[in-house]
Amino acid sequence: MQATQHIKSISYLKSHAAQIAESLDMNGTPFIITQNGEASMVVEGIQQYQDKENLIAMLKVVAMGEKDRLDGQGQSVEEVRALLAQKRTEHKP
């Protein structure tokens with residue numbers, strides 16, 4: 001399906017909400033809704049929304065980790081491996 005088929009007016013959204021919801025469930029392609037000829041909003045399925053929110057949260061965690069790394073915080077791979085090796089030997093029967 002072409003992207004232009006997913007650009008709809010707000011009046012179309014009002015009168016075809018059930019069809020749009022069904023289309024979102026079937027193929028997940030979001031709809032761009034226009035008002036007075038200008039893009040006004042995007043309507044997307046709940047799964048796509050949740051996936052996007054999860055991705056944003058993961059990217060924030062990665063960015064915080066990178067900031068800590070650049071600030072000299074944290075441990076090197078070698079330090080973590082040594083710590084894990086030490087913990088393994090402590091827990092052996």
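How much mean residue ellipticity at 222 nm does the chain get from its helices, if each DSSP H run of length 4 or more adds -39500 (n - 2.57) and you divide by all residues, to the nearest 500 deg cm²/dmol?
-20000 deg cm²/dmol
For the chain, what is the charge dipole size about the Cα centre, in debye to the nearest 20, if Lys and Arg each add +1 at the Cβ and Asp and Glu each add -1 at the Cβ?
200 debye
From the backbone phi of region 9-25, what are the Karplus-calculated ³J(HN,Hα) couplings (6.51 cos²θ - 1.76 cosθ + 1.60, θ = phi - 60°) in whole Hz, Gly and Pro given as x?
With coefficients 6.51, -1.76 and 1.60, one gets 7, 5, 5, 5, 4, 4, 8, 10, 4, 5, 5, 5, 4, 5, 5, 5, 5 Hz.
Only bridges whose two residues both fall in the chain count here: according to DSSP, what percent of them are antiparallel, nearest 5?
Within the chain, antiparallel bridges account for around 60 percent of the total.
So what is the relative contact order of the chain, in percent, for Cα pairs below 8 Å that sit 6 or more residues apart?
Once divided by the residue count of the chain, the mean separation gives 18 percent.
Pull up all non-local amide H partners of Met41: gap of 5 or more, or a different chain, and H-to-H distance under 5 Å with H placed in the peptide plane.
Placed amide hydrogens put Ile33 under 5 Å from Met41.
Using each residue's phi in region 37-50, evaluate 6.51 cos²θ - 1.76 cosθ + 1.60 at θ = phi - 60° and report the 3J(HN,Hα) Karplus result to the nearest Hz, with x for Gly and Pro.
Coupling constants for region 37-50: x, 10, 4, 10, 7, 10, 10, 10, x, 5, 5, 5, 4, 5 Hz.
Where the accessible area of the chain is counted over protein heavy atoms with a 1.4 Å probe, how much of it, in %, is carbon and sulfur?
Answer for the chain is 57 percent, counting heavy atoms of protein chains only.
Per residue, what accessible area does the chain have, given a 1.4 Å probe and all protein chains present, in Å²?
On a per-residue basis, the chain sits at 83 Å².
Ile7's amide H: which non-local residues (gap 5+, or another chain) put their own amide H closer than 5 Å, with H modeled 1.01 Å from N in plane and none for Pro or chain starts?
Close amide H contacts, sequence-distant or interchain: Ile32.
Could you please put Tyr49, Tyr12 in sequence from largest to smallest accessible area, using a 1.4 Å probe? Don't skip to the end; give the middle numbers.
Details: Tyr49 110, Tyr12 70 Å².
Descending order: Tyr49, Tyr12.
The values are calculated or read from the model by the stated rules, or taken from the named source; none is laboratory data. Since this is a predicted model, take the numbers as computed values, not measurements. Using ideal geometry, Cβ is built from the backbone for each residue, glycine included, and neighbour counts are taken over all protein chains shown. Protein only, heavy atoms only, side chains kept; ligands, DNA and RNA dropped before computing areas. Shrake-Rupley method; radii C 1.70, N 1.55, O 1.52, S 1.80 Å.
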